[in-house]
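Peer 1: Handing you a structure now.
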Amino acid sequence: MAQFDLPSRHFEPRIYGVGAWTPHLHFAYDLVAVLKPALLVELGVDRGESYFAFCQAALENKTGTRCFGIDTWRGDEHVGGYDETTFAQVSEHNRGNYESFSTLLRSSFHEALPRFEEESIDVLHLDGLHTEAAVRHDIESWLPKIRPAGILLLHDVGVRSKGFGVWKIWDELREQSRSWTFHDGPGLGVWQKPPSAPLPGFLEQLVLRPNESNASLAQYYTERGNVLQEKIAQHWRDGSIRDTPFAQQTIIQIFHTPDGSHREENSVYARVGHEGWKNVRIDLPPGAGAAPLRIDFVSALTTIEIALIRLAQESGALFAVDEHTGFDAVRICGDAERIPGRTLRLRVTGIDPQLYLPAIETSGAGRLFLEIRLRVT
């Protein structure tokens, strides 16, 4: 690595650990610092983990980059739905740090297309809905907007479950031009739009055929990502996770099962901010079983108060508990302690608090949804 003077050696990300981009943040920083793109566009910002790494690199390295982050900030079938907290927090961070050169566009990807001229974008990062049809449509729509020899970043190229189809499009793109695949986390593809042209610094080395130099580059980024993951683990151990951006929201993950086994691929998500009571509805996929449903919370050592849990279909409830019936039918497991009271109050003590509903017969039932009324403090 001595032959590469990578700017990220001194990079301290302001936002990390709030998404699946943590292993690639140092690469994002170096990409912008070395390439110095005039125009960078991200499709699918969510909580801003990748986008703000690009922005931080542009600011600290004075690259003159104009950045655009595009999202509806409503969620989708893969990340789940979420409330207005996400957009409010991303907007606040953008205003406080990058407003002079960074613009957030709250729109669909299709609606934003006319904002950008053909062959005007130097770096395009696509991280939206991950079905094959959605990714194929986004690539076909936005590829003409990338300048010749510009860079496309495609996230989640290594995921082959839960309806993700990014890998299929990535395999096709790799046959068309120079590329590199990072295999850390869910995978990141780096692709140069034809015709090929030399890239500055380490980027040219990266997209050449596999060799010892770019293998060492990949190892460097793996090590940087591991350092961040260890910092996150330490935040949990010492309780300082409460003071990180991660602590501003709580993820609710619902595992559905027909046979009592709970697998990551059979789960759906929602996310809530920590401002008062929230009424959350989470739709389960067709044919989802509840034998039993498991509810996990990813929440930074908080107290979660639940006033209602209701599993229903459009014709009526299959199961419901609230402060009037009591919550004895709900089993608490994992990193959670119950606090006495009329509502179901949980003190989160670690990374994996769990609730189990009783097994519920759902054969013949229509499509199910789960309603939860809760607040997080």
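The values are calculated or read from the model by the stated rules, or taken from the named source; none is laboratory data. Predicted, not measured: the structure shown is a model, and the values here were computed from it. Cβ: placed from backbone, ideal geometry, glycine included. Neighbour counts: every protein chain shown. Heavy atoms of the whole protein, side chains included, go into the accessibility calculation; ligands, DNA and RNA do not. Shrake-Rupley method; radii C 1.70, N 1.55, O 1.52, S 1.80 Å.
Peer 1: Which residue out of 176, 229, 249 is closer than 30 Å to residue 371 by Cβ and of a type in the set (S, T, N, Q)? Even if it seems obvious, please write down each step before you answer.
Peer 2: Values: 176 fails: closer than 30 Å to residue 371 by Cβ; 229 fails: closer than 30 Å to residue 371 by Cβ.
The unique qualifying residue is 249.
Peer 1: With 96, 69, 128 as the choices, which residue is of a type in the set (Gly, Ala, Ser) and open to solvent by 20 Å² or more (accessible area, probe 1.4 Å)?
Peer 2: Going through 96, 69, 128 in turn, the sole match is 96.
Peer 1: Specify the residue that is farthest from residue 249 (Cα to Cα); the eligible residues are those in the stretch 51-66 that are among the polar types (S, T, N, Q) and open to solvent by 10 Å² or more (accessible area, probe 1.4 Å). First the steps, then the outcome.
Peer 2: Quick first cut of the stretch 51-66, residues among the polar types (S, T, N, Q) only: 56, 61, 63, 65.
Add one more test, that the residue is open to solvent by 10 Å² or more (accessible area, probe 1.4 Å), and what stays is 61, 63.
Numbers: 61: 31, 63: 32 Å.
Filtering the stretch 51-66 for residues that are among the polar types (S, T, N, Q) and open to solvent by 10 Å² or more (accessible area, probe 1.4 Å), the one farthest from residue 249 (Cα to Cα) comes out as 63.
Peer 1: Then there is this: Would you be able to tell me the number of residues in the stretch 37-50 that are of a type outside the set (A, V, I, L, M) and either open to solvent by 20 Å² or more (accessible area, probe 1.4 Å) or without any contact (Cβ under 8 Å) to a residue 40 or more places away in the chain (or both)?
Peer 2: Here is the first cut: in the stretch 37-50, the residues of a type outside the set (A, V, I, L, M) are 37, 42, 44, 46-50.
Filter once more, keeping what is either open to solvent by 20 Å² or more (accessible area, probe 1.4 Å) or without any contact (Cβ under 8 Å) to a residue 40 or more places away in the chain (or both): 46-47, 49.
The qualifying residues number 3.
Peer 1: Also, quick follow-up: Quick one: in the stretch 343-375, which of the residues that are of a type in the set (Lys, Arg) and either at pLDDT 90 or above or part of a strand (DSSP E or B) (or both) is surrounded by the fewest Cβ atoms within 10 Å (Cβ to Cβ)? Give the steps one after another, and end with the answer.
Peer 2: To start, the set of residues in the stretch 343-375 that are of a type in the set (Lys, Arg) comprises 345, 347, 367, 373, 375.
Filter once more, so that each one left must be either at pLDDT 90 or above or part of a strand (DSSP E or B) (or both): 345, 347, 373, 375.
Values: 345: 16, 347: 14, 373: 17, 375: 18.
Filtering first and then ranking leaves 347.
Peer 1: Hey, can you tell me all the residues within the stretch 257-273 that are farther than 28 Å from residue 15 by Cα and open to solvent by less than 20 Å² (accessible area, probe 1.4 Å)? Explain how you work it out, then say what you get.
Peer 2: Within the stretch 257-273, the subset farther than 28 Å from residue 15 by Cα is 257-263, 266.
Within the stretch 257-273, 257 is the sole residue that qualifies.
Peer 1: Also: For the stretch 49-67, give me the residue count where each residue is in a loop (DSSP other than H, G, I, E, B) and touching a strand residue (DSSP E or B) at 6+ places or on another chain (Cβ under 7 Å). Write out each step before concluding.
Peer 2: Filtering the stretch 49-67 for residues in a loop (DSSP other than H, G, I, E, B) gives 61-65.
If we keep only those that are touching a strand residue (DSSP E or B) at 6+ places or on another chain (Cβ under 7 Å) too, we end up with 65.
Total meeting the criteria: 1.
Peer 1: Checking the condition touching a helix residue (DSSP H, G or I) at 6+ places or on another chain (Cβ under 7 Å) and over 29 Å from residue 146 (Cβ atoms), which residue from 249, 205, 234, 253 passes?
Peer 2: Numbers: 205 fails: over 29 Å from residue 146 (Cβ atoms); 234 fails: touching a helix residue (DSSP H, G or I) at 6+ places or on another chain (Cβ under 7 Å); 253 fails: touching a helix residue (DSSP H, G or I) at 6+ places or on another chain (Cβ under 7 Å).
Only one candidate qualifies: 249.
Peer 1: Working only within the stretch 131-154, note down all residues that are within 22 Å of the chain's Cα centre (by Cα) and surrounded by 15 or more Cβ atoms within 10 Å (Cβ to Cβ). Break it down into steps so the answer makes sense when it comes.
Peer 2: We begin by selecting, within the stretch 131-154, every residue within 22 Å of the chain's Cα centre (by Cα); these are 131-139, 142, 151-154.
Residues satisfying the conditions are 131, 134, 135, 136, 137, 138, 139, 142, 151, 152, 153, 154.
Peer 1: Being modelled with pLDDT of 90 or more and aliphatic (A, V, I, L, M) is the requirement here; does residue 129 meet it?
Peer 2: On the way: modelled with pLDDT of 90 or more: no; aliphatic (A, V, I, L, M): yes.
Criteria not met by residue 129.
Peer 1: List pairs: first in the stretch 232-246 and assigned to a helix (DSSP H, G or I), second open to solvent by less than 30 Å² (accessible area, probe 1.4 Å) and among the polar types (S, T, N, Q), Cβ under 7 Å, 6+ apart or cross-chain?
Peer 2: Correct list of pairs: 235/244.
Matching residues to (1) of a type outside the set (A, V, I, L, M); (2) over 24 Å from the mean Cα position of the chain (by Cα):
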| residue | (1), (2) |
| --- | --- |
| 271 | yes, no |
| 274 | yes, no |
| 293 | no, no |
| 306 | no, yes |
| 312 | no, yes |
| 317 | no, yes |
